[in-house]
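Asks: My questions will all concern the structure given below.
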Amino acid sequence: MTTKYKLYYLDFEGRGEPIRLLLHYAGVSFEDFRINFQDWKDTWKAKMPFGSVPVLEIDGVMLPESHAIGRYLAKKFGLVGGDDLEAAQIDALLSHFEEFFKESIQPMLAIMAGFKEGDKGDGQVVQGVARPIWQVELAGSIPLGQKF
Ligand SMILES: N[C@@H](CCC(=O)N[C@@H](CS)C(=O)NCC(=O)O)C(=O)O
């Protein structure tokens, strides 16, 4: 029987996108369930195992935590590296990305999604806390960018 996947995430890229990309790369069909801010607060947050997304439902089993989901899918689709060193390099990239994401992208997305107030009143929300850091990092290349 074909495995049934349903990805619960918000309606932007964020932590959900690497999971979407993994599933697309593997050529697996899945339900890309995108939740808007109001529905998240009113309905979905309380239903998620740790009160956050992404969550991947696999044949009815709810798996939370983006890295657990990513590792699960990578293992399933043969994308964990050819040996222990390659696997460690993948882990290194993931750790670096996690730091970058938490300090730069996540604060920006939180403002854009309406979870937090921005610190600029001119509609340029991404000009707030996050954008300068984001630009510095993108000027280099992940994982070789300057420490932010
Ligand atoms: N450690 C978790 C963090 C999950 C997380 O912070 N998700 C955010 C979106 S990127 C979220 O659910 N925010 C809404 C909320 O916490 O109510 C993971 O890697 O999946």
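Asks: Which cross-chain or sequence-distant (5 or more) residues have an amide H under 5 Å from the amide H of residue 35, H modelled 1.01 Å from N in plane?
Replies: 9, 10, 11
Asks: On to the next question. Within 15 Å, Cβ to Cβ, of residue 31, how many net charges do the neighbouring residues add up to if Lys/Arg are +1 and Asp/Glu are -1?
Replies: Summing Lys and Arg as +1 and Asp and Glu as -1 gives 0.
Asks: For segment 1-131, give the magnitude of the charge dipole about the Cα centre (Cβ charges: +1 Lys/Arg, -1 Asp/Glu; no others), in debye to the nearest 20.
Replies: With only Lys, Arg, Asp and Glu charged at Cβ, the dipole is about 340 debye.
Asks: Place +1 on the Cβ of every Lys and Arg and -1 on the Cβ of every Asp and Glu in segment 1-65, take the dipole about the Cα centre, and give the residue among 25, 48, 35 whose Cα lies farthest towards its positive end.
Replies: Toward the positive end, the furthest listed residue is 48.
Asks: Take the Cα atoms of segment 1-94, find their three principal axes, and give me the spread along each one in whole Å, biggest first.
Replies: Largest to smallest, the principal-axis extents are 45, 33, 20 Å.
Asks: Once amide H atoms are built 1.01 Å from N in the peptide plane, which residues 5 or more positions from residue 55, or in another chain, come under 5 Å H to H?
Replies: It is 8, by chain and number.
Since every read-out is calculated from the coordinates, none of them should be taken as a lab result. Here the structure is a predicted model, which means the values were calculated and not measured. So basically every Cβ, Gly included, is an ideal-geometry build from the backbone, and we count neighbours across all protein chains shown.
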